[in-house]
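Written below as structure tokens is the structure these notes are about.
The values are calculated or read from the model by the stated rules, or taken from the named source; none is laboratory data. This is a predicted model, so every value here is computed, not measured. In this analysis, Cβ positions are derived from the backbone assuming ideal geometry, glycine residues included, and neighbour counts consider all displayed protein chains. Only protein heavy atoms, including side chains, enter the accessible area calculation; ligands, DNA and RNA are left aside. Shrake-Rupley method; radii C 1.70, N 1.55, O 1.52, S 1.80 Å.
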Amino acid sequence: MAANNRRMSGKKGAQVGSGGQRRKGLEGKGPTPPAEMRKGHKKNRIANAKAKQSVRRPAPRGRGGKGTSELVVGRNPVVEALREGVPASTLYVQQFIDNDERVREALQLAAERGGINLMEAPRPELDRMTNGLNHQGLVLQVPPYEYAHPEDLAGAAADAGEDPLIVALDGVTDPRNLGAVVRSVSAFGGHGVVVPERRAAGMTAGAWKTSAGTAARTPVARATNLTRALEAYKKAGIVVVGLAADGEAEIGELEALDGPVVIVVGSEGKGLSRLVGETCDFRVRIPMPGGAESLNAGVAAGIVLYEAARRRV
């Protein structure tokens with residue numbers, strides 16, 4: 001009778017022929033992802049909030065100051081920026097995006113470079129971030145550029161036991177020209193570029209792309225007041241040479257290029273500003289037999305840097 005009672009009780013025993021299903025049910029599903037990656041988790045919400053705030057909030061200023069964060073918008077621009085090594089902190093990808101070749105390449109490049117956060121965001125959020133631009137589901141955040149101080153460029157030359165060779169830009173507003181100058185400075189052994197803090201091109205994604213990666217090893221300094229920065233260079237024994245169409249001498253006649261020198265390049269249309277021109281020790285011109293009225297900043301800087309590098313060798 002006791003045996004019958006046991007068989008009729010509500011307790012379940014082992015099932016015959018279960019095939020180990022109960023054991024499989026107890027097996028784990030792999031390592032738990034970090035809290036920051038788990039949707040709905042508090043740390044995931046905090047990480048997303050920080051990423052959004054970093055787009056809107058300017059970075060704190062350092063010794064040479066910092067620029068502001070920048071957004072590269074659109075599939076082709078994002079892919080090109082990643083190919084050219086433009087610094088990036090976050091790649092935003094629209095939810096449920098059509099996974100075409102450019103999207104796949106952007107994700108692959110970001111993964112290969114490392115250090116780039118991948119964030120999935122709904123379309124309305126990307127629309128808000130980009131002020132309604134046609135982002136095509138891809139947005140790349142470029143972090144603020146960390147500018148050097150003008151004194152740092154001369155200091156780096158002294159540490160290397162070399163005469164400073166620096167280019168200063170006066171009124172150059174096209175980031176592509178800045179990138180081209182950075183590339184020339186790197187090619188001819190210069191020690192950096194100085195730009196004014198206001199009304200001048202900064203190290204944007206466009207400047208990075210034009211520099212062809214040389215911006216990673218050639219510092220750009222930002223001066224609150226370019227005239228005062230040039231005067232400080234003069235006090236340190238560095239000759240300041242300005243390029244001007246009506247310069248008193250040609251660059252081939254200027255012996256000062258042999259030693260410590262700052263080459264000042266003005267804008268293509270207006271040239272050097274009055275105060276900057278008056279601060280220069282010399283104003284020289286580039287001979288142009290073809291009759292062109294002016295050269296853009298990138299080309300002009302490259303010509304003078306070549307002449308300086310040739311003499312120093």
**Report entry** One residue from Ala212, Ala156 being more than 19 Å from Gly65 (Cα to Cα) and of a type in the set (Gly, Ala, Ser)
**Finding:** Ala212
Query raised in the report: Pick from region 83-105 the residues that are open to solvent by 60 Å² or more (accessible area, probe 1.4 Å) and either under 18 Å from the mean Cα position of the chain (by Cα) or among the hydrophobic types (A, V, I, L, M, F, W, C) (or both): which of them is farthest from Pro143 (Cα to Cα)?
Result: Phe96
Report summary line: Within region 140-190, the residues that are over 30 Å from Lys270 (Cα atoms) and either at pLDDT 95 or above or crowded, with 24+ Cβ neighbours inside 10 Å (or both) are Leu140
**Report entry** Any hit, region 279-286, residues being over 33 Å from the mean Cα position of the chain (by Cα), open to solvent by 30 Å² or more (accessible area, probe 1.4 Å) and not hydroxyl-bearing (Ser, Thr, Tyr)
**Finding:** yes
Report task. Among the candidates Gly74, Gly137, Gly132, Gly65, single out the residue that is of a type in the set (Gly, Ala, Ser) and open to solvent by 30 Å² or more (accessible area, probe 1.4 Å). Result -> Gly132
Report task. Enumerate the pairs (first residue in region 106-126 and on the phi < 0 side of the Ramachandran plot and open to solvent by 40 Å² or more (accessible area, probe 1.4 Å); second residue anywhere and not in a helix (DSSP H, G or I) and not basic (Lys, Arg)) with beta-carbon separation below 6 Å, excluding pairs fewer than 6 apart on the same chain, so at least 6 apart or on different chains. Result -> Asn117/Thr90; Leu118/Leu91; Glu120/Val93; Glu120/Gln95; Pro122/Gln95; Arg123/Gln94
Requested in this report: Mind counting the residues in region 264-313 that are assigned to a helix (DSSP H, G or I) and farther than 17 Å from Ser184 by Cα?
Outcome: 6
